[in-house]
1. If you check residue 224 against the conditions, is it in a loop (DSSP other than H, G, I, E, B) and either buried (at least 17 other Cβ atoms within 10 Å of the Cβ) or not aliphatic (A, V, I, L, M) (or both)?
2. Can you tell me which of 241, 205 is open to solvent by less than 10 Å² (accessible area, probe 1.4 Å) and either under 18 Å from residue 139 (Cβ atoms) or not in a strand (DSSP E or B) (or both)?
3. Go over the candidates 97, 41, 77 one by one and state the one that is among the charged types (D, E, K, R) and farther than 30 Å from residue 316 by Cβ.
4. Checking the condition surrounded by fewer than 21 Cβ atoms within 10 Å (Cβ to Cβ) and in contact with a Lys or Arg (Cβ under 9 Å, 6 or more places away or on another chain), which residue from 300, 217 passes?
5. If we keep just the residues of region 184-202 that are touching a strand residue (DSSP E or B) at 6+ places or on another chain (Cβ under 7 Å) and charged (D, E, K, R), which is most open to solvent (accessible area, probe 1.4 Å)?
6. Can you tell me which residue within region 86-134, out of those that are of a type in the set (Asp, Glu) and surrounded by 20 or more Cβ atoms within 10 Å (Cβ to Cβ), is farthest from residue 73 (Cα to Cα)?
7. Among the residues of region 67-81, count how many are out of contact with any helix residue (DSSP H, G or I) (no Cβ under 7 Å at 6 or more places or on another chain) and either buried (at least 20 other Cβ atoms within 10 Å of the Cβ) or farther than 25 Å from residue 290 by Cβ (or both).
8. In the list 128, 82, 102, which residue meets the criterion of being modelled with pLDDT under 95 and outside any strand (DSSP E or B)?
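The values are calculated or read from the model by the stated rules, or taken from the named source; none is laboratory data. Here the structure is a predicted model, which is why all the values come from computation and not from measurement. Counting neighbours? That spans all protein chains shown, and the Cβs are built from the backbone with ideal geometry, glycine included. Side chains included, ligands, DNA and RNA excluded: accessible areas come from the protein's heavy atoms. Shrake-Rupley method; radii C 1.70, N 1.55, O 1.52, S 1.80 Å.
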Amino acid sequence: MKIVTIGAGAHAALTHGPALAAIAQEDPAVELAAVCDVRRERAEEFSRQFGYRRTYADYEEMLDAEAPDGVTLLSSESMTSRIGSAVLRRGIPLLLEKPPGRNSAEHEQLLRAYQLRRTPHLIAFNRRYMPLVSRARRLWRQLVPPEKLQSVRCDFYRHNRHDPDFSTTAIHGIDLAAYLAEASYTDFRISLQRDGKGECTAISLWSGMTGGSCAQFLFCQQSGCSFERVHMASEHYAMTLELPALGTCDIPGRIVLYHRGGLLREIPMEGDARSCRPFLLGGFYHENLAFIDMLKKKNFDGRNADLERVLSVIRVTEAVSSSILPAGLCQMES
C-alpha cells in the first residue's frame, strides 16, 4: 500500500511524520513511497527522518509517477483547497489537514471535487482521535443514556498568541464540540474582546445545536495559561476533559467525571509531559491509522463523509473569522 505525503514543514515533521513512520514500522504492508515539498531540501530531510523512499518538488509529478493508494496532505492552509481538490478529482483517497478550506468558498471547492467521484477522505481534526477523547466518548455513552446531553463547553487558552485570525485554531474546538454532541450547529452568537490597539484578545461564542443541546466557547489567545478543556453536562452527569494538546499544560491529560453534584471518578492518562510521545497523545497517530485502515478495509462511508459533515462547522468558523478581521466589528449573529 503506497502512501505519499504532500508538505514537509515543521508541523508535519512534529506530528504526522513520526505517526506515519510508526505505522509503517508496525505494518510492513504500508510503504511510505514519496514525500513532496516545494522546498526540495525540506522533503529530503523529511524523507531521511521518517523513511520515505523518494522525494519530489512537484506534487502533480509525484502523483503521476507514484500512482499512490493514498495521499496525506499537510501543506499550508493557503494551498489546502487547491491541492486537495486536485487529489480528490483524481479519485485518490485523501487525508487532509484542517481547515478544509479557509472559508466557505474554498470548502465548496473541495466539496465539489469530492462529489465528482465520491473519493474516500478524512479531515485531520486530530482532537477527535486523541486517546483521551475516544475514552471519554465511550464512558459518556456507557454512563449517561438515556439522559440528554444539555451542553458542551470548550475553553481554549493560549499565552502570548497574536494570530491575526485565531479561527484556524478555534476550529478544533468548534469541530470537537459537534463531534462529541453528535450534532450540527443551527444558530450562533459571537462577541469579541479587543485591546486598546484593536487586537482581538478573546472570542465568546454560543451555538444552538440539532437535538436541542447547545455549545459555548471561550477562546483566549492572550492569557496567563495555555490549555484546552471541554465540559459536557446532562441532568445528573458531567464530564471535564483536560486535553493533552501540543504546547499546553495538561499533558498527558485527564478525564474527571461527576454525578449528582459530586465527584465520581478521576481518570489520568498514563505518562508525563516528558515521556509521552506528542504524536500519540495528540491524536495524530490514530487519525493516520484510521486513514490507513479505511484504505485497507475499503470501508469509506459516503453517508458520513467529512467534507459534507462539517458544513455547519465551516459556517460557524467562517463567522468567527469574519468577526475578528474587520476592526471594530464586535458582534455577529445568524
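1. On the way: in a loop (DSSP other than H, G, I, E, B): yes; either buried (at least 17 other Cβ atoms within 10 Å of the Cβ) or not aliphatic (A, V, I, L, M) (or both): yes.
Spelling it out, residue 224 is indeed in a loop (DSSP other than H, G, I, E, B) and either buried (at least 17 other Cβ atoms within 10 Å of the Cβ) or not aliphatic (A, V, I, L, M) (or both).
2. The unique qualifying residue is 241.
3. Values: 97 fails: farther than 30 Å from residue 316 by Cβ; 77 fails: farther than 30 Å from residue 316 by Cβ.
Answer to the check: 41.
4. Numbers: 217 fails: surrounded by fewer than 21 Cβ atoms within 10 Å (Cβ to Cβ).
Answer to the check: 300.
5. Restricting to residues being touching a strand residue (DSSP E or B) at 6+ places or on another chain (Cβ under 7 Å) and charged (D, E, K, R), the top hit is 189.
6. Kept after step one, since they are of a type in the set (Asp, Glu), are these residues of region 86-134: 97, 106, 108.
Subsequent filtering for residues that are surrounded by 20 or more Cβ atoms within 10 Å (Cβ to Cβ) retains 97, 106.
Values: 97: 6, 106: 15 Å.
Once the filter is applied, the top-ranked residue is 106.
7. If we filter region 67-81 for residues that are out of contact with any helix residue (DSSP H, G or I) (no Cβ under 7 Å at 6 or more places or on another chain), which is where we start, we get 67-68, 76, 78-80.
Add one more test, that the residue is either buried (at least 20 other Cβ atoms within 10 Å of the Cβ) or farther than 25 Å from residue 290 by Cβ (or both), and what stays is 68, 78, 80.
Selection size over region 67-81: 3.
8. 102
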